[in-house]
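The numbers here are math on the coordinates, done by the rules we state, and not lab data. Just so it is clear, the model here is predicted, and its values are computed rather than measured. Cβ: placed from backbone, ideal geometry, glycine included. Neighbour counts: every protein chain shown.
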Amino acid sequence: MSKPSFIDKAKSLIRDTTNHVLNRAQNVSKEEYLRRAMVCDTCVHFVKKDNMCGVCGCYMDVKAKWQTSTCPKDKW
C-alpha cells in the first residue's frame, strides 16, 4: 500500500487543523479517543510503524483526539 503524497498530507493537516482551531480546539473524551484508536489499530489502512492513516496521512495520536476530525473511511 502506498502512503499519501506530501501534498495530500499537507492538505489534510491544513484542513483538520483549521477545523480544530475554529472549533476552539475541543478534544474528545479519553474514552472516545481510546475507541477511535482501537478502530484505527485494526484498520487495513493504518500504518502501525508510523502511527499514521494510510488514506489521509494524518498521525492518529493527534487526529483521533480532535473532536472535529473524522475517519476518511467513515469508521468513526
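Can you run phi through the Karplus equation (6.51, -1.76, 1.60; θ = phi - 60°) for the range 3-15 and list ³J(HN,Hα) in whole Hz, with x for Gly and Pro? Running phi through 6.51 cos²θ - 1.76 cosθ + 1.60 with θ = phi - 60° gives 7, x, 5, 4, 5, 5, 5, 5, 4, 4, 4, 5, 4 Hz.
Arrange the peptides 54-67, 18-31, 35-48 so that the one whose residues have, on average, the most other Cβ atoms within 10 Å appears first.
Packing proxy ranking, top to bottom: 54-67, 35-48, 18-31.
Helix-only arithmetic for the chain: the sum of -39500 (n - 2.57) across DSSP H runs with n ≥ 4, divided by the residue total, places the mean residue ellipticity at 222 nm at -13000 deg cm²/dmol. Computed from backbone phi, the HN-Hα couplings of the range 22-32 come to 5, 8, 6, 6, 6, 10, 6, 5, 4, 5, 5 Hz, rounded to whole numbers (Karplus: 6.51 cos²θ - 1.76 cosθ + 1.60, θ = phi - 60°; Gly and Pro given as x). A straight line joining the Cα centroids of the range 60-76 and the range 1-37 runs 6 Å. Amide H contacts under 5 Å for Met52: Val47, Met60, restricted to partners 5 or more places along the chain or on a different chain, H placed in the peptide plane at 1.01 Å from N.
Spin-label pair Leu34-Ile14: with each label point 7 Å from Cα along the Cα-Cβ axis, the two points sit 3.7 nm from one another.
Over the chain, all Cα pairs binned in 5 Å intervals from 0 give whole-percent P(r) values of 3, 17, 28, 26, 18, 6, 1, listed from short to long.
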